[in-house]
Amino acid sequence: MSKTLKSIEDALVIAHKAFAVQKDENEKLVAELVIANKELAFQKEEKVKRAAELGIANKELVFQDDEKEKRAVELGIANKELFFQDEEKGKRAAELSIANIELVFQNDEKEKRAAELIIANKELVFQNQEKEKRAAELIIANKIGRASCRERV
């Protein structure tokens, strides 16, 4: 064989070995790409699931926000009602204070009237006693007057 032929055969053997190595590398790369594609498909499915979960979570947040707004309105109404009740309590307290002052005044007036009635009763007792004395004096005077009329007759 000639040297050239031998060189070509050697080059072909080397090229064949290099091709075999490249083929193995390509097969490994294809296997890696298959795994990577499966991983990407899995990740895509997970992203779809996560997107669905986020959609549900967003709906829940919207619902919660609506409920919070309703509760805020209810609390606003309740606060207005409490404010109104506080005002009414203040008015009622003022009315009760005035009523208490009026009752104290009425009690004072009743005590004065009671004292006046006691004095009036004492005066009536005194007047009755004086009338009784005067009546007794008149009885005596009548008796004396009759006796002196009888003596003259």
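Got a number for carbon plus sulfur as a percent of the stretch 10-68's accessible area, 1.4 Å probe?
Roughly 65 percent of what the probe reaches on the stretch 10-68 is carbon or sulfur.
With every protein chain left in place, what is the accessible area per residue of the chain in square angstrom, probe 1.4 Å?
The answer is 93 Å² per residue.
What lysines sit close enough to Lys110 to cross-link, taking a C-alpha to C-alpha distance under 24 Å and skipping anything fewer than 8 places away on the same chain?
Result set, ordered by chain and number: Lys122.
Convex hull over the Cα atoms of the chain, averaged projected area in nm²?
For the chain, the mean projected area of the Cα convex hull comes to 22.4 nm².
If you fit an axis through the alpha-carbon atoms of helix 3-152 and take the longest principal axis of the Cα set of the chain, what angle between them do you get, 0 to 90°, nearest 10?
Its long axis makes an angle of about 0 degrees.
The values are calculated or read from the model by the stated rules, or taken from the named source; none is laboratory data. From a predicted model like this one, the values you see are computed outputs, not experimental measurements. Ligands, DNA and RNA are excluded from the accessible area calculation, which covers all protein heavy atoms including side chains. Shrake-Rupley method; radii C 1.70, N 1.55, O 1.52, S 1.80 Å.
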